[in-house]
Amino acid sequence: MVNKMKLHMKPCAVVFLVLSLALSIPQTLAQCTSSLYRTYDGSCNNVVNPSWGAANTPFVRIVNPKYADGKSTPPLATDGSELPNPRVLSVEVFQEGVQNSPRFSLANMQFGQIVAHDMALTRGVRDPLPCCANGRLQPNRSPRCFAIPVSPDDPVFSARGIDCLGLIRTFTTCDENPTTCTRAEQINAVTHFLDLSVVYGNSAQEVQTLREPNSGLLKVEVRDGQDWPPRHPNASTTCTLKTPTEVCYLTGDGRANQSPQLAILQITFVREHNRIARQLKTLNPTWLPDKLFEEARRINIAQYQHIVFEEWLPAFLGRNFMIERQLLYQPGVATNDYSQTIHPAVINSHTTAAFRFFHSSIQGFLKLYEESRISMSKVDINDHTNNPTILEQASSRYPDLLRGLTTQPMGLNDISLDPATKHFLFRFNNMFGTDLKSLDIQRGRDHGLGGYNDFVFLCLNQRATTWEDYNQLLVPGAVNLLSIYYKSVNDLDLSVGLAFEKKIDGTESGMVMRCILADQFRRTRKGDRFFYQNGNHFNARQLSEIRKANMARILCDTTTDVTRIQSSAFLLPSTTNPLVTCSSLPTPNLREF
């Protein structure tokens, strides 16, 4: 195979696997009404198949699952033994420490988390079930407990007597309908679309708790002259607060408070909605509140979709490749390519493995920068997990951290992880936390994902039969290392194989990674009837204005005391990407709407 493997990836236009599922989808899905605006739960986007892409529907698969029993139990090795321990793989196979990216800012990684959260939240991932607590297996464990054993000689956790890392199996169609289920499929609790559900929520009921009832604005609270999302009414269940005065934000996504920089981007799109709505109100004083809200929402979403496809995604897939695959088009080319036969759902292997690639890019320390771009201090990310109070501790904190977002390098997309995510994730007030890489590997097994070799076959129409066959796809030394831990080439976990892939020149992805991402974003674009470039929703002049949107200007427009920024916010400031005044950056003219 080493001389025969076809490195020209075939199109991933894979027919999605038909899911025979008895899901509790609301009856209203079959009663779609004509509307200019997308629904909040994602239903009726596809009028022929109204549930496609809706919240609380299953992920789709492009490779059959490898459940050990064919139905739901986690996979085993080819010889029937246990697969390598995820924590051992994390410690002994993956390196520790972060190499700074010479090209990308931390905003690049953080925006990826917004996109990931916007598209997916697996049901049941946060269910408070007994499993592993304080490093000890609980006596009355839930059947969904899938804890990761920790070796007595673990170089970090053994010092604290930690025996396990907690993980609960996610909720599946077999949990929902155990008597009729033939194969477990995980369920997406949010809409599958790029629709800023992280801002607006995932149901018509939820958005009512987030918007002002008699205006076109999202609810905010004004403190120190700044707009902030409302305080969460159940903060103790969402955030980790030390005092009642600390902040925990209510947004369209329960994960918004995970880190200060994630909260900044959540706040950014809340403030951007209100900025758009206020301008539209001035330009169209007769518009009623609902129309004002929906128009501001659809412009906000359109700008965001434009940034995802035109500004952010090309760094990972390559602009020429995206044009070749019709994920992007040359300027001026007609782009109304919606197809009601394309299923827009999120691919299980995308959300559970491929789209977790930026976990290696997380920085353990967040730097604060003055307007001069001098960094005077930094904070430990784990000291602020699920507690974004730092953003309001002083009037300078938010702009200082925002400058850090666009000035501090992200970590390289490689096989190294910052100790903050490898040993201390979600540590809160403890000495140690958990291990993100171990969780990623175990989650892939929980979902029964096919192995890396199964995806090699899907994407390259060729399967590895010896470890040496992987040399064309994986970085030097990977084969010798991985073959120590995995007994067979068919046992290699997808997330592990993807991490060791050679990057295609000019991109941040390897061959199989790019195959999965390309298939996903083909669905995300061409399967969304409301995608911004669909000519049925914006006219030519309006589209021309939407194409002026850029992340740098939106960050400027929603932040005080930031007057300069580089035009490409996802790239580090440089001689080719210098700091410019915010007012010099393009922005859509809302008079066209």
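Summary of packing: across the peptides 227-237, 528-538, the per-residue average of other C-beta atoms within 10 Å ranks them, highest first, as 528-538, 227-237. Placing +1 on each Lys and Arg Cβ and -1 on each Asp and Glu Cβ, with no other charges, gives the range 480-552 a dipole about its Cα centre of roughly 440 debye. The range 128-154 and the range 428-494 have Cα centres separated by 24 Å.
So for the range 456-593, taking the charge dipole from beta-carbon charges (+1 Lys/Arg, -1 Asp/Glu), which of Asn490, Gln542, Thr524 sits furthest toward the positive end? Of the candidates, Gln542 comes out farthest on the positive side. Ordering Gly510, Leu412, Pro149 by Cα displacement along the dipole of the chain toward the positive end leaves Gly510 in first place; charges were set at the Cβ atoms of Lys, Arg (+1) and Asp, Glu (-1).
Taking a probe of 1.4 Å, how large is the accessible area per residue of the range 172-249, in Å²?
44 Å²
Only helices enter this figure: runs of n ≥ 4 DSSP H residues, each worth -39500 (n - 2.57), summed and divided by the residues of the chain, yield -8500 deg cm²/dmol at 222 nm to the nearest 500. Take the Cα of Thr78, step 7 Å toward its Cβ, do the same at Ser34, and the gap between the two points is 5.8 nm. Dipole magnitude for the range 426-583: computed about the Cα centre from +1 point charges on Lys and Arg Cβ and -1 point charges on Asp and Glu Cβ, it is near 600 debye. Taking only the Cα atoms of the range 200-252, the ratio Rg/Rh comes out at 1.00, with Rh defined as the Kirkwood radius. Relative to the dominant Cα principal axis of the chain, helix 260-283 is inclined by about 30°. Put simply, the Cα atoms of the range 516-593 extend 39, 38, 22 Å along their principal axes, the longest span coming first. Measuring only protein heavy atoms, the 1.4 Å probe finds Val270 accessible over about 10 Å².
Taking a ≥ b ≥ c as the square roots of the eigenvalues of the Cα gyration tensor, the range 232-286 is classed as prolate, since a/c reaches at least 1.5 and a/b is larger than b/c.
Look at the Cα gyration tensor of the range 68-175: its axes a ≥ b ≥ c give a/c of at least 1.5 with a/b at or below b/c, and that counts as oblate.
Expressed as a fraction of 2.2 N^0.38 Å, the value expected for a compact globular protein of N residues, the C-alpha radius of gyration of the range 234-373 is 1.35. A quarter of the convex hull surface defined by the alpha-carbon atoms of the range 88-151 gives 7.0 nm² as the mean projection.
Taken along the Cα-to-beta-carbon direction at a fixed 7 Å, the label points for Thr286 and Asp561 span 4.4 nm. Taking amide H as placed 1.01 Å from N in the peptide plane, the amide H of Leu417 sits under 5 Å from that of Gln95, Glu96, Gly97, each at least 5 places away or on another chain.
What do you get for chymotrypsin sites (Phe, Trp or Tyr not before Pro) in the range 291-334 restricted to DSSP loop and a cutoff of at most 15 other Cβ within 10 Å of the site's Cβ?
When the chymotrypsin sites (Phe, Trp or Tyr not before Pro) of the range 291-334 are filtered for loop state and at most 15 Cβ neighbours within 10 Å, Tyr329 remain.
Which log10 I(q)/I(0) values, to two decimals, does the range 489-529 give at q = 0.15, 0.19, 0.30 Å⁻¹ under the Debye formula with one point per Cα? After summing over all Cα pairs, the log10 values are -0.45, -0.64, -0.98. Simple rule: put +1 on each Lys or Arg Cβ and -1 on each Asp or Glu Cβ in the chain, find the dipole, and look at Leu292, Thr173, Thr238; the Cα lying farthest toward the positive end is Leu292.
Taking packing as the residue-averaged number of other Cβ atoms within 10 angstrom, the listed peptides 98-110, 191-203, 247-259 run from highest to lowest as 191-203, 247-259, 98-110. If you take the Cα centroid of the range 312-390 and the Cα centroid of the range 32-98, the two points sit 19 Å apart. Taking a ≥ b ≥ c as the square roots of the eigenvalues of the Cα gyration tensor, an a/c ratio of 1.5 or more together with a/b no larger than b/c marks the range 165-295 as oblate. For the range 153-228, the share of accessible area belonging to carbon and sulfur comes to 49 percent (1.4 Å probe, ligands and nucleic acids excluded).
Stretched out straight at 0.36 nm per residue, the stretch from Ala204 to Arg103 would grow longer than its current Cα-Cα span by 32.3 nm.
Cα-based Rg of the range 425-563 per 2.2 N^0.38 Å, rounded to two decimals?
This ratio for the range 425-563 stands at 1.47.
In terms of packing, defined here as the mean over residues of other Cβ atoms within 10 angstrom, the peptides 511-517, 220-226 line up highest first as 511-517, 220-226. Averaging 1/r over every pair of different alpha carbons in the chain and inverting the result gives a Kirkwood radius of 24.8 Å. For the chain, the longest principal axis of the C-alpha atoms and the axis of helix 436-446 are separated by about 70°. About the centre of its Cα atoms, the chain shows a dipole size close to 820 debye [charges on the beta carbon of Lys, Arg (+1) and Asp, Glu (-1) only; nearest 20 debye]. Relative contact order of the chain, taken over Cα pairs closer than 8 Å and 6 or more residues apart, is 22 percent.
Counted over the range 113-222 with a bin width of 10 Å, the fraction of Cα pairs per bin, in whole percents, is 13, 26, 27, 22, 11, 2, 0.
The values are calculated or read from the model by the stated rules, or taken from the named source; none is laboratory data. In this text, all values refer to a predicted model and were calculated from it rather than measured experimentally. Note: ideal-geometry Cβ built from the backbone for every residue, glycine included; neighbour counts use all protein chains shown. For the accessible areas, the whole protein counts, side chains as well, though only heavy atoms, and no ligand, DNA or RNA atoms are used. Shrake-Rupley method; radii C 1.70, N 1.55, O 1.52, S 1.80 Å.
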